[in-house]
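Colleague: Please see the structure below; I have some questions.
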Amino acid sequence: MELILVVVGAILVTAVAHRRGLEPALIIVVIGGLVSFLPDFEPPELDSHILLTVVLPPLLYSAALNFSFPTFLRNIRPILGLGVGLVVVTAFAVAAVSAWLVIVPLTFATALVLGAIVAPPDAVTAVAVGRKLGLPKRVMAILTGESLINDAAALTLFSIAVVHVAGGHTFIENPFLLFGYSALVGPIVGAALGYSTLWIRRRLANPGLETVQGLVVPFAAFITAEELHASGVLAVVVAGFVVGNGTLGAGYQTRLQERYVWNSVDVLLEAFVFAYIGLHLRFVLEDLREAHESLGEVAIASLVVLLIVLVIRPLSVFAIFGRNKLSAAVENKLSVPVPESGRGALGTKRRNRAPGKWSSRIDRRSLSWRENVVVSWTGMRGVVTLAAAAAIPATTVTGEPFPERATIQAIAFVVSVGTLLIQGWTLPVLIRRLHLSRFSDDHAADRAEELKAERVVHDAADQVLAQFRADPPENLNPLVVAEIEAIIARHSHDAGEMPDPEAHTKRSEVFSALYRDVLASQRAALIAERDAGRIEDEAVRAMLERLDLQEAGVSARLESRL
């Protein structure tokens with residue numbers, strides 16, 4: 001009953017925050033914290049492992065479903081740099097400074113637990129702000145891709161550090177081999193479950209059952225991978241990529257249902273996690289008061305960690321940016337023209353190797369300094385940080401309390417709220433000040449992408465109709481053929497003009513087959529243009545949704561006619 005009340009309250013606060021233009025996560029945490037101080041209040045309790053298993057997989061799966069894998073591949077270099085490299089650097093920097101300052105009694109291993117918890121940014125807020133303000137498509141792709149893999153790196157470090165502190169053993173003792181094993185086996189599990197899901201869906205052919213099956217996939221991928229001691233996060237992400245790319249083979253009803261179902265699940269889970277953490281604020285402070293004579297030490301330690309988190313991302317981003325610029329300048333300055341003989345200044349033979357299939361798809365352009373500024377300031381911590389902090393085991397394998405558990409949870413809370421306050425509220429201002437929005441000219445850029453998508457679907461329809469015109473069905477009146485072609489070409493949705501789908505006449509069969517061919521061709525053409533990088537993902541998704549709604553509208557009117 002308590003969990004239901006928490007969910008209902010979180011949803012109400014989210015609705016009010018949206019109407020007021022406020023950040024729902026921050027408002028939920030603040031209100032939850034205030035409620036925790038009510039007399040005789042007892043917060044709802046969940047097992048620490050359940051929190052991560054229930055919350056994280058569907059959030060990651062939903063994001064992966066709507067993200068293009070070719071777009072992910074094109075931006076793999078900055079995504080890996082931010083999602084893996086920066087996470088590791090942040091975790092060890094926080095651990096080193098926290099253990100060295102000795103503000104609170106943290107060993108390096110315990111401090112690494114803290115570092116792994118606060119290392120991964122939550123890109124949900126940044127992506128939402130960027131989408132509303134019109135950040136360049138490559139920046140949006142990098143931030144979204146980062147959010148899909150940074151949790152895997154952070155949670156792998158977290159599990160290794162927790163096992164080291166709490167005792168016990170890992171599947172592979174060497175942490176580097178364990179990391180490699182997790183990164184390899186996790187995606188294999190996710191791909192296997194993703195393709196199995198598509199195979200089952202082709203045989204279900206029922207939108208309701210397909211949607212229910214989709215709700216099971218992220219949990220199955222996460223739990224299966226974790227049982228094999230691999231990365232459940234990567235398994236979920238790869239499963240989402242596979243199912244998302246194969247969804248075009250499903251019916252329009254399945255796609256529409258899944259789109260709205262997963263949007264609702266995202267809102268529900270994010271609201272619940274922030275409310276759950278906020279409601280435990282008073283009890284975390286009580287545990288701190290029992291463990292420390294003064295809360296001032298924990299407050300100072302929290303501010304130090306917050307400062308590290310705020311500073312290390314901009315420093316790392318601009319170190320990479322400066323290195324790329326320096327390398328390009330040195331290369332241009334010192335490059336020696338290659339003579340026609342094919343040998344350079346040192347007599348080495350020139351190699352004209354064509355780029356490989358995969359490497360040719362990677363976008364090697366550097367971001368501009370303004371884009372780097374925005375990327376460096378999108379380090380808000382959120383669901384994963386708070387859920388991982390709550391997932392710290394209460395005791396070690398010997399039954400003793402986990403060292404400084406309340407301290408780590410309090411610092412994680414301060415870092416999450418602090419980054420949401422400082423970066424979450426200043427990011428929109430920063431984007432406007434840098435004039436980085438694509439929408440500065442009355443949404444001209446957005447409209448240009450829409451026009452590209454419209455041209456693609458019109459050209460795809462014209463190709464199918466041209467083939468239909470060149471090879472019309474046999475034993476059908478030419479006037480009827482021309483009528484069918486004209487109706488579909490005009491995209492007319494008047495139920496009076498559409499044939500009865502249950503009539504089983506030649507006209508009905510030809511019309512239905514041609515209409516499905518046109519829609520299939522349009523969807524395939526849109527996906528091909530998106531994967532080639534010629535149309536941005538947002539415009540393609542919007543047009544695909546329009547095609548699904550178009551098909552749904554036609555089908556609904558035909559059914560109502562019956």
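The values are calculated or read from the model by the stated rules, or taken from the named source; none is laboratory data. What you see is a predicted model, and the numbers here were worked out from it, not measured in a lab. All Cβ positions, even for glycine, are placed from backbone atoms using ideal geometry, and neighbour counts span all protein chains on display.
Colleague: When you scan segment 423-447, how many residues do you find that are modelled with pLDDT under 75 and either over 23 Å from the mean Cα position of the chain (by Cα) or outside any helix (DSSP H, G or I) (or both)?
Modeller: Step one: filter segment 423-447 for residues modelled with pLDDT under 75, giving 437-447.
This time we only want the ones that are either over 23 Å from the mean Cα position of the chain (by Cα) or outside any helix (DSSP H, G or I) (or both), so: 437-445, 447.
Summing the residues that are modelled with pLDDT under 75 and either over 23 Å from the mean Cα position of the chain (by Cα) or outside any helix (DSSP H, G or I) (or both) in segment 423-447 gives 10.
Colleague: Among the residues of segment 294-323, how many are free of Cβ contacts under 8 Å to residues at least 24 places away in the same chain and within 25 Å of the chain's Cα centre (by Cα)?
Modeller: Summing the residues that are free of Cβ contacts under 8 Å to residues at least 24 places away in the same chain and within 25 Å of the chain's Cα centre (by Cα) in segment 294-323 gives 2.
Colleague: Within segment 29-41, count every residue that is more than 23 Å from Ala17 (Cα to Cα) and either of a type in the set (S, T, N, Q) or free of Cβ contacts under 8 Å to residues at least 24 places away in the same chain (or both).
Modeller: Taking segment 29-41 and keeping what is more than 23 Å from Ala17 (Cα to Cα), we get 39-41.
Still in the list and also either of a type in the set (S, T, N, Q) or free of Cβ contacts under 8 Å to residues at least 24 places away in the same chain (or both): 39-40.
Here the count works out to 2.
Colleague: Of Gly214, Gly240, Gly246, Gly232, which residue is touching a Leu at 6+ places or on another chain (Cβ under 6 Å) and either crowded, with 17+ Cβ neighbours inside 10 Å or more than 20 Å from Phe69 (Cα to Cα) (or both)?
Modeller: Result: Gly240 is the single residue among Gly214, Gly240, Gly246, Gly232 that is touching a Leu at 6+ places or on another chain (Cβ under 6 Å) and either crowded, with 17+ Cβ neighbours inside 10 Å or more than 20 Å from Phe69 (Cα to Cα) (or both).
Colleague: If you take the residues of segment 487-541 that are acidic (Asp, Glu) and at pLDDT 75 or above, which of them is surrounded by the fewest Cβ atoms within 10 Å (Cβ to Cβ)?
Modeller: So the first thing to find is which residues in segment 487-541 are acidic (Asp, Glu), and the list is 494, 497, 500, 502, 509, 517, 529, 531, 536-538.
Cutting the leftovers down to at pLDDT 75 or above gives us 517, 529.
Numbers: Asp517: 18, Glu529: 20.
By that ranking, first place goes to Asp517.
Colleague: Which helices (runs of 4 or more DSSP H) sit wholly inside segment 364-422 and have at least 3 residues that are within 14 Å of Gly115 (Cα to Cα) and among the β-branched types (Val, Ile, Thr)?
Modeller: Counting at least 3 such residues, we get 405-419.
Colleague: Another question, if that's okay. Please indicate, with yes or no, whether at least one residue in segment 193-213 is of a type outside the set (Phe, Trp, Tyr), under 30 Å from Leu106 (Cα atoms) and at pLDDT 85 or above.
Modeller: Looking through segment 193-213, none of the residues is of a type outside the set (Phe, Trp, Tyr), under 30 Å from Leu106 (Cα atoms) and at pLDDT 85 or above.
Colleague: Can I ask one more? Give me the pairs, please: first residue somewhere in segment 368-391 and not assigned by TED's automatic domain parsing to the domain that holds Asp266 and surrounded by fewer than 22 Cβ atoms within 10 Å (Cβ to Cβ), second residue anywhere and part of a helix (DSSP H, G or I) and modelled with pLDDT of 85 or more, beta-carbon distance under 6 Å, and either six or more positions apart or on two chains.
Modeller: Cβ pairs passing all conditions: none.
Colleague: Is it the case, given these coordinates, that Ile142 is closer than 30 Å to His435 by Cβ and modelled with pLDDT of 85 or more? First the steps, then the outcome.
Modeller: Details: closer than 30 Å to His435 by Cβ: yes; modelled with pLDDT of 85 or more: yes.
Judged against the criteria, Ile142 is a match.
Colleague: Another question about this same structure. Among the numbered criteria (1) surrounded by 17 or more Cβ atoms within 10 Å (Cβ to Cβ); (2) farther than 24 Å from Ala99 by Cα, which one does Ser416 miss?
Modeller: Looking at each condition in turn, Ser416 falls short on (2).
Colleague: With segment 1-95 as the region, which helices (runs of 4 or more DSSP H) entirely inside it contain at least 1 residues that are closer than 30 Å to Ala394 by Cα and over 22 Å from the mean Cα position of the chain (by Cα)? Before you say what the answer is, go through the steps one by one.
Modeller: On the way: elements: 2-20, 24-36, 48-65, 69-74, 76-80.
In segment 1-95, the matching helices (runs of 4 or more DSSP H) lie at 2-20, 24-36, 48-65.
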